[in-house]
2 protein chains.
Amino acid sequence: MNTLSYGLLALLTRGPRSGYELMQHIQPIWQAKHSQIYPLLALMEKRGFVQYVPVAQKDKPDKKVYSLTDEGIAALREWVPEPTGDPVKRDEMLLKVYCIGFIEPAQARQLFEERMRMYQCKIEKYHRMLDDLGSETVQAVEAGRMEHPGFGSYILLKRAIGQAESDLDWCRWVVGLLQLNPTGSVGN
Amino acid sequence: MNTLSYGLLALLTRGPRSGYELMQHIQPIWQAKHSQIYPLLALMEKRGFVQYVPVAQKDKPDKKVYSLTDEGIAALREWVPEPTGDPVKRDEMLLKVYCIGFIEPAQARQLFEERMRMYQCKIEKYHRMLDDLGSETVQAVEAGRMEHPGFGSYILLKRAIGQAESDLDWCRWVVGLLQLNPTGSVGN
DNA sequence: TTAGTCATGTAAGTGGTTACATGATTAG
DNA sequence: CTAATCATGTAACCACTTACATGACTAA
């Protein structure tokens, strides 16, 4: 049972999901491909943490809909109070930024402008996801009702938006600095 | 040549460094252990991207001080304009937050308070690192002189501080929400 | 005297990605 | 007609962590 396995159990607290759905929903929180998720689900099924019902579909491939067992819920509850690992962040761009004095100013500008587009897309996506949660959830969250399904999703989305906006502001600040001293603008 | 290898080349643009120093300095940007870094340095030395001078020390173990070769610089310059990979973020805590409705309110509070301490430590550490850069660097950055050694370090530190403060604010906001509805305070 | 720092390396294991494999349906 | 989505799985590979190994010096 690794962290991703517990993460899958966490997602299943919202209700039964297929492996494919789990794979999609876990992406914003924990990057993982289907090739990693399917074997873990099979393993957890063997160990009794989850169970599945095969669902036949017309027009689409059949699927397995997984749900938590009592054992799975117990495992989740044991995991939560355990010491939480430090966050792991790896961003290739930051390594490029470290040696920014070594590269063409035009390339530097491009690097930041690409990232600004990426963050803007993310922010829009997250806002759409917030809207999808509905006003009923918003009211529950604002009242601090953490037992409400959607409380976790809402505060996670808020965090993702805050992070993306902070990064976007940083990009704008750096682009502003770069324009102060347009070393690379010969020929523009 | 993987991303970490280019990252090591990026660090070496600041001047010669030992493997041990590289390992320490790359931590805030890219988590990697010495056991991963030493073999990569050996490989890059074989391929001619870096070279080293053995330095004998009294009172300390001998070390190898690596520096960039012209080939290494060329490789760096080729890498920068290549498409930049998406950032990878994996934080166990967010998975726990997702199923926060399923856990004890006291445990939830503890989770956030632990994180708030972690972010506060980080922010203090980053501020100390900023101070270490000196006013000369600050002036160069404020003038947008990106070719200045320290420009990259300064803007990366600013980003790290912004991120940590954004996360800390989020934790405070959630803790505030949790206190609105003290479900778990029976017996306090 | 125990733990921590400096300093380098290898070996074994886990976690995660890419590629291979299948196949029907739908949208451009 | 090509690409994307849904849906599951395996195999090979790469990236990263943990443990093993050594050894001298220093601070609590």
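Computed quantities for the displayed model
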{"item": "Cα-based shape type of region A:77-147, given that a ≥ b ≥ c are square roots of the gyration tensor eigenvalues and the cut on a/c is 1.5", "result": "oblate"}
{"item": "Teacher prompt: B:D131 distances to equivalent labels in other copies, 7 Å Cα→Cβ, nm", "result": "4.7"}
{"item": "Per residue accessible area in Å² of the protein assembly as shown, where ligands, DNA and RNA are left out and the probe is 1.4 Å", "result": "52"}
{"item": "Accessible surface of A:D62 - all protein chains present, 1.4 Å probe, nearest 10 Å²", "result": "110"}
{"item": "222 nm mean residue ellipticity, helices alone, for chain A (DSSP H n ≥ 4; -39,500 (n - 2.57); rounded to 500)", "result": "-20000 deg cm²/dmol"}
{"item": "Accessible surface buried once A binds B (1.4 Å probe; total of both sides; Å²)", "result": "7300"}
{"item": "Calculated label separations, B:V88, copies of the chain, 7 Å along the beta-carbon direction, nm", "result": "0.7"}
{"item": "Charge dipole (region A:92-180, unit charges on Cβ, about Cα centre) - positive-most of A:F151, A:L133, A:L180", "result": "A:L180"}
{"item": "Environment charge at B:M129 (Cβ cut-off 12 Å; Lys +1, Arg +1, Asp -1, Glu -1)", "result": "+1"}
{"item": "Rounded percent of accessible protein surface that carbon and sulfur make up, chain A, 1.4 Å probe", "result": "51"}
{"item": "Estimated dipole of region A:64-141 in Debye, rounded to 20 [Cβ of Lys and Arg +1, of Asp and Glu -1, Cα centre]", "result": "400"}
{"item": "Candidate residues A:E142, A:E114: accessible-area rank, largest first, probe 1.4 Å", "result": "A:E142, A:E114"}
{"item": "Listing of region B:24-63 residues, each with accessible area lower by at least 20 Å² in the full protein assembly than in the chain alone (probe 1.4 Å)", "result": "B:I29, B:W30, B:Q31"}
{"item": "Dimensions (Å) - region B:3-79, Cα atoms, principal axes, largest first", "result": "41, 26, 21"}
{"item": "C-alpha center-to-center spacing [region A:72-136, region A:43-59] in angstrom", "result": "32"}
{"item": "Teacher prompt: A:M1 distances to equivalent labels in other copies, 7 Å Cα→Cβ, nm", "result": "4.5"}
{"item": "Charge dipole (debye, nearest 20) of chain A; +1 at Cβ of Lys and Arg, -1 at Cβ of Asp and Glu", "result": "380"}
{"item": "Chain B residue with Cβ closest to the axis mapping B onto A, distance in whole Å", "result": "B:S166, 2"}
{"item": "Residue of A:T84, A:T69, A:T137 that the Gaussian network model of chain A assigns the largest fluctuation, springs spanning Cα pairs under 10 Å", "result": "A:T84"}
{"item": "Where only C-alpha atoms are counted, convex hull volume of the protein assembly as shown per residue in Å³", "result": "205"}
{"item": "Within chain A, longest stretch free of exposed trypsin sites (Lys or Arg not before Pro) [DSSP loop, at most 11 other beta carbons within 10 Å]", "result": "A:59-188"}
{"item": "Heavy atoms of B:E78: accessible area, 1.4 Å probe, square angstrom to 10", "result": "130"}
{"item": "Listed residues A:L111, A:L156, A:L22, most fluctuating in chain A (Gaussian network, C-alpha, under 10 Å)", "result": "A:L111"}
{"item": "Candidates B:I155, B:I100, B:I73, ranked by Gaussian network fluctuation over chain B, Cα under 10 Å, top entry", "result": "B:I100"}
{"item": "Minimum 20 Å² accessible area buried by the other protein chains, region B:143-159 residues, probe 1.4 Å, relative to alone", "result": "B:A143, B:G144, B:M146, B:E147, B:F151, B:G152, B:I155, B:L156, B:K158, B:R159"}
{"item": "Label zone at B:Q57 (point 7 Å along Cα-to-Cβ), backbone N below 13 Å, region B:34-51", "result": "none"}
{"item": "Threshold 50 Å² - residues in region B:83-99 whose accessible area is reduced by that much or more when the chain is no longer isolated, probe 1.4 Å", "result": "B:T84, B:P87, B:V88, B:K89, B:R90, B:E92, B:L94, B:L95, B:K96, B:Y98, B:C99"}
{"item": "Percentage relative contact order, region B:116-188, counting C-alpha pairs under 8 Å, at least six apart", "result": "39"}
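The values are calculated or read from the model by the stated rules, or taken from the named source; none is laboratory data. Every value quoted in this text rests on a predicted model; they were computed, and no experiment measured them. Neighbour counts run over all protein chains shown; Cβ positions are idealised from the backbone, glycine included. Areas reflect the complete protein model, heavy atoms only, side chains present, ligands, DNA and RNA absent. Shrake-Rupley method; radii C 1.70, N 1.55, O 1.52, S 1.80 Å.
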